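In what follows, a single structure is set out as structure tokens and then discussed.
The values are calculated or read from the model by the stated rules, or taken from the named source; none is laboratory data. From a predicted model like this one, the values you see are computed outputs, not experimental measurements. Glycine also receives a Cβ, built like all others from the backbone with ideal geometry; neighbour counts cover every protein chain displayed. Ligands, DNA and RNA are stripped out before the accessible areas are found, and what is left, the full protein with its side chains, is counted by its heavy atoms. Shrake-Rupley method; radii C 1.70, N 1.55, O 1.52, S 1.80 Å.
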Amino acid sequence: QVQFVESGGDLAQPGGSLRLQCVGSGTLFRFSAVAWYRRAPGKERELVAKISNYGAANDVVDSVKGRFTITRDNAKNTVYLQMNSLEPEDTAVYYCNVLKSYHSTEPAYDSWGQGTQVTVSS
């Protein structure tokens, strides 16, 4: 069982930057692909970025390509999401979870952390 604690969300202006952190407490965390998801008001949860177990592969959704970067530090059981050039459309609660596989968009666990709120507004 893996538990997640997300942090780093804040109020930011358009064009600003934030770095989110996801700390996984389970021993399986560093052996698993991990994804960042977000849920905007009135919208379905969507995968925004993913990274393979040791970080050799990563990808982000087209809408954030060139702006967001996902990295991980397995020594700290942490996955990061660096968000640059923020846009109001990035406003959402951001969550992390392990993936069933790197090639999947589906989370492996039904339990989620509390998420971290990102608000982009002038």
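Quick check on region 53-74: of everything there that is hydroxyl-bearing (Ser, Thr, Tyr) and modelled with pLDDT of 95 or more, which residue is farthest from Asp90 (Cα to Cα)?
Only one residue fits best here, namely Thr71.
With respect to Tyr80, is the statement that it is assigned to a strand (DSSP E or B) and either open to solvent by 40 Å² or more (accessible area, probe 1.4 Å) or touching a Ser or Thr at 6+ places or on another chain (Cβ under 6 Å) (or both) true?
On the way: assigned to a strand (DSSP E or B): yes; either open to solvent by 40 Å² or more (accessible area, probe 1.4 Å) or touching a Ser or Thr at 6+ places or on another chain (Cβ under 6 Å) (or both): yes.
Here the answer is yes, as Tyr80 does meet what is asked.
If a residue has to be touching a helix residue (DSSP H, G or I) at 6+ places or on another chain (Cβ under 9 Å) and either of a type outside the set (Gly, Ala, Ser) or open to solvent by 80 Å² or more (accessible area, probe 1.4 Å) (or both) to count, how many in region 47-77 make the cut?
Adding up the residues that qualify gives 10.
Regarding Val5, is this residue touching a strand residue (DSSP E or B) at 6+ places or on another chain (Cβ under 6 Å), of a type in the set (Val, Ile, Thr) and open to solvent by less than 80 Å² (accessible area, probe 1.4 Å)?
no
Within region 10-46, track down each residue that is touching a helix residue (DSSP H, G or I) at 6+ places or on another chain (Cβ under 7 Å) and more than 15 Å from Glu87 (Cβ to Cβ).
Residues of region 10-46 that are touching a helix residue (DSSP H, G or I) at 6+ places or on another chain (Cβ under 7 Å), as a first pass: 14, 30.
If the condition is that a residue be touching a helix residue (DSSP H, G or I) at 6+ places or on another chain (Cβ under 7 Å) and more than 15 Å from Glu87 (Cβ to Cβ), then Arg30 is the only one that fits.
May I ask you to list the residues in region 88-107 that are surrounded by 14 or more Cβ atoms within 10 Å (Cβ to Cβ) and under 24 Å from Pro14 (Cα atoms)?
If the condition is that a residue be surrounded by 14 or more Cβ atoms within 10 Å (Cβ to Cβ) and under 24 Å from Pro14 (Cα atoms), then Asp90, Thr91, Ala92, Val93, Tyr94, Tyr95, Cys96 are the ones that fit.
Condition first: at positive phi and touching a strand residue (DSSP E or B) at 6+ places or on another chain (Cβ under 8 Å). Now tell me which residues in region 11-32 satisfy that.
Correct list: empty.
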